[in-house]
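Novice: Mind having a look at this structure? Questions to follow.
The values are calculated or read from the model by the stated rules, or taken from the named source; none is laboratory data. Quick caveat: nothing in here was measured; it's all calculated off a predicted structure. Positions of Cβ are generated from backbone atoms using ideal geometry, with glycine treated the same way; all protein chains shown enter the neighbour counts.
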């Protein structure tokens, strides 16, 4: 499977646009777009087409610093979105108070983010992006789909609702695999694989958004014995958790026969060693 050269070129242009867009205002869509594009660029430069270029390393270091700050803003945005979608009649004043508290928290995080987006810093990052785009080769010995599947094989599958930490780590692996596979050239195999990853990412991400909100509400309003609003949030979060675990159990991302050929990324296996767990294996297997 070859690399989609046009997508490689596009990610640099999109990164510069998203950086300028974020610098002009920390709107929810700008924050989210910057974070996802940064992750995609990081995946390209570290997993798909790794290089030792000094400029690229400095570029990623600077972008990741901004991404972490933007992540704090994004965390509040997803909580606000979830809270606004919660249709419960209980305790409207507490819901309003929690909304206001989150808005104030977002404003504080946004101010910190703005400090990292000074005009001269943005200009320097834009320069490094253009230089990195010119430096990168259009050829790679890595197959993005193979790299993505190898990434999935490093993860341990959560098998029940008690493994929340494992589910959270698995969510991160799913995103990394998806961003890697996106750099493969177009094919039915790529399309089906990405659709499955997207479905999993949506299910687990939905749970993660609600559990983040529930923890914030518990911290600020009290536990389920003190407020019916928090109790309602716990109920929604438990339902989202069951849906996420069910989605993982139902996933079928097994490796097709064509991929059994040895590649430069295959792990050597000694007699008696176990093959890494496959994402295609169900929880009952």
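Novice: From the set of residues in region 229-271 that are in a helix (DSSP H, G or I) and modelled with pLDDT under 85, which is nearest to the chain's Cα centre (by Cα)? Can you show your working first?
Specialist: Taking region 229-271 first, the residues in a helix (DSSP H, G or I) are 229-250, 257-260.
Next, only the ones that are modelled with pLDDT under 85 stay: 257-260.
Working: 257: 29, 258: 28, 259: 26, 260: 28 Å.
Here the answer is 259.
Novice: Got at least one residue in region 140-147 being crowded, with 19+ Cβ neighbours inside 10 Å, assigned to a helix (DSSP H, G or I) and in contact with a strand residue (DSSP E or B) (Cβ under 6 Å, 6 or more places away or on another chain)?
Specialist: Among the residues of region 140-147, at least one is crowded, with 19+ Cβ neighbours inside 10 Å, assigned to a helix (DSSP H, G or I) and in contact with a strand residue (DSSP E or B) (Cβ under 6 Å, 6 or more places away or on another chain), which makes the answer yes.
Novice: Tell me which residues, restricted to region 1-49, are part of a loop (DSSP other than H, G, I, E, B), without any contact (Cβ under 8 Å) to a residue 60 or more places away in the chain and in contact with a helix residue (DSSP H, G or I) (Cβ under 9 Å, 6 or more places away or on another chain).
Specialist: Narrowing region 1-49 to residues part of a loop (DSSP other than H, G, I, E, B): 1-2, 4, 25-27, 49.
Among the residues that remain, those that are also without any contact (Cβ under 8 Å) to a residue 60 or more places away in the chain are: 25, 27.
Result: 27, single match.
Novice: Going by the conditions given, is residue 167 buried (at least 21 other Cβ atoms within 10 Å of the Cβ) and free of Cβ contacts under 8 Å to residues at least 60 places away in the same chain? Full working, then the answer.
Specialist: Details: buried (at least 21 other Cβ atoms within 10 Å of the Cβ): yes; free of Cβ contacts under 8 Å to residues at least 60 places away in the same chain: no.
Spelling it out, it is not the case that residue 167 is buried (at least 21 other Cβ atoms within 10 Å of the Cβ) and free of Cβ contacts under 8 Å to residues at least 60 places away in the same chain.
Novice: Just checking, which of 179, 170 is more than 28 Å from residue 234 (Cβ to Cβ) and within 17 Å of the chain's Cα centre (by Cα)?
Specialist: On the way: 170 fails: more than 28 Å from residue 234 (Cβ to Cβ).
It is 179.
Novice: Of all residues in region 50-81, how many are assigned to a loop (DSSP other than H, G, I, E, B) and under 19 Å from residue 178 (Cα atoms)? Steps first, please.
Specialist: We begin by selecting, within region 50-81, every residue assigned to a loop (DSSP other than H, G, I, E, B); these are 50-53.
From the residues that got through so far, the ones that are under 19 Å from residue 178 (Cα atoms) too are 50.
Residues meeting the conditions: 1.
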